[in-house]
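FYI, it's all coordinate maths here, none of it is from the lab. What you see is a predicted model; the values in this text were computed from it and never measured. Cβ sites come from the backbone with ideal geometry, for glycine too, and all protein chains shown count toward neighbours.
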Amino acid sequence: MYENLIAVAKKNDCSVTLDAPMSKYTSFKIGGPAKVLIEPNSVDSLSEILKACFKENVKPIVLGNGSNVIVKDEGINGVVIMMGSAFSKIEYCGNNMVKAQAGANLATLCKFALEYNLTGLEFAYGIPGTVGGAAFMNAGAYGGEMKDVVMVVNHMNLKGERGSFQGSQLDFSYRHSAYVNSDLIITSVIFYLDTENPEGIKNKMEDFLRRRKAKQPLEYPSAGSTFKRPEGFFAGALIEECGLKGFSVGGAAVSEKHAGFVINKDNATAKDVLDLIDHIQKTVNDSKGVLLEPEVRII
């Protein structure tokens with residue numbers, strides 16, 4: 001079914017893996033196989049692959065480092081495009097602007113900004129994701145969000161055509177951007193930052209990372225915060241108040257360190273995780289009258 005698409009990918013020297021176990025490509029370390037997994041090696045090759053997908057009437061699923069997704073045990077009966085290390089270039093554009101490709105690691109981006117004495121990205125230091133994923137969901141922590149520093153987002157549509165959004169076009173709000181309900185694929189982001197004493201920037205980064213390590217279960221596979229923050233509440237506090245800290249379903253558990261995290265404690269399946277999420281939602285809704293909305297993307 002995908003012979004022509006695979007041929008185009010290989011012609012462009014892109015890596016192709018058949019029946020790729022998504023447990024190897026997601027931070028939760030769960031999920032069944034993807035029929036075809038392609039890793040483009042450039043923006044041009046991505047365009048060619050998308051054109052081939054469009055021609056074959058195939059709608060691909062695009063992932064960064066898989067840090068905010070749950071892939072079901074049945075896997076993905078289709079095509080996954082991974083924006084990996086070939087999309088990790090970061091460059092200084094002058095005038096306090098930094099351009100980073102979608103696959104660039106957030107920690108690497110923060111360190112790059114520090115080298116140029118640029119502040120504004122410290123909140124992202126330690127978030128286990130990529131630039132593309134962070135812009136996609138307007139990632140944030142410790143009072144900062146992507147919307148505060150993103151100037152332009154470059155993207156590609158499913159026909160392989162290039163474009164960009166800026167300003168109000170980005171439609172940033174809490175854990176949302178214009179890309180959430182679109183078929184557009186983020187390829188790179190331009191950030192506009194301020195200057196500051198490098199010692200101050202470094203201290204902020206180290207402080208945020210220290211707080212993250214102290215409060216979050218980074219020693220277990222997870223997808224980060226499992227639920228969005230409900231208006232007027234904190235998801236972790238609600239879950240803890242319901243007595244669910246440490247509660248488990250199969251190999252999945254509510255973290256003892258931070259109840260807002262569902263973790264893969266002991267070789268969990270995707271079903272374990274999803275059943276636990278359902279249980280948490282029902283318990284919190286019945287007890288507190290608040291319906292928690294997952295922050296993770298379920299595929």
> Short version: what are the Cα gyration tensor semi-axes of the stretch 177-225, square root of 5 times each eigenvalue, largest first, in whole Å?
Replying inline: 27, 23, 8
>> Give me the Å³ per residue figure for the convex hull around the C-alpha atoms of the chain.
In response: 127 Å³
> Of the chymotrypsin sites (Phe, Trp or Tyr not before Pro) in the stretch 143-202, which ones lie in a loop per DSSP and count no more than 13 other C-beta atoms within 10 Å?
Replying inline: Tyr174
> Where does the stretch 165-262 land on Rg/Rh, using Cα atoms and the Kirkwood Rh?
Replying inline: 1.06
> Efficiency by 1/(1 + (r/R0)^6): what FRET value for Glu219 and Lys159, r their Cβ-Cβ distance, R0 = 30 Å, to the nearest 0.05?
Replying inline: 0.10
> In the structure displayed, which of Lys11/Lys35; Lys159/Lys228; Lys59/Lys288 lie more than 30 Å apart, Cα to Cα?
Replying inline: Lys159/Lys228; Lys59/Lys288
> Quick one: Debye curve from the C-alpha atoms of the stretch 235-298, no solvent, what's log10 I(q)/I(0) at q = 0.12, 0.25, 0.29 Å⁻¹?
Replying inline: -0.24, -1.07, -1.35
> All other residues with a Cβ under 12 Å from the Cβ of Val131 taken together, and with Lys, Arg as +1 and Asp, Glu as -1, what is their net charge?
Replying inline: +2
>> For the pair Ser182/Asp207, report the inter-label distance in nm, with labels modelled 7 Å from Cα in the Cβ direction.
In response: 3.5 nm
> If you average the sequence gap of Cα pairs under 8 Å that are 6 or more apart and divide by the length of the chain, what percent do you get for the contact order?
Replying inline: 16 percent
> Mind checking the dipole of the stretch 210-289: about its Cα centre, +1 per Lys or Arg Cβ, -1 per Asp or Glu Cβ, Debye to the nearest 20?
Replying inline: 500 debye
>> For a quick check: sort Ile185, Ile280 by the number of other beta carbons within 10 angstrom, fewest at the front.
In response: Ile185, Ile280
> What length, rounded to one decimal in nm, is gained on full extension from Ser85 through to Asn117, with 0.36 nm per residue of separation minus their alpha-carbon distance?
Replying inline: 9.0 nm
> About its Cα centre, what dipole magnitude does the stretch 1-91 give when the only charges are +1 on Lys and Arg Cβ and -1 on Asp and Glu Cβ, stated in debye to the nearest 20?
Replying inline: 100 debye
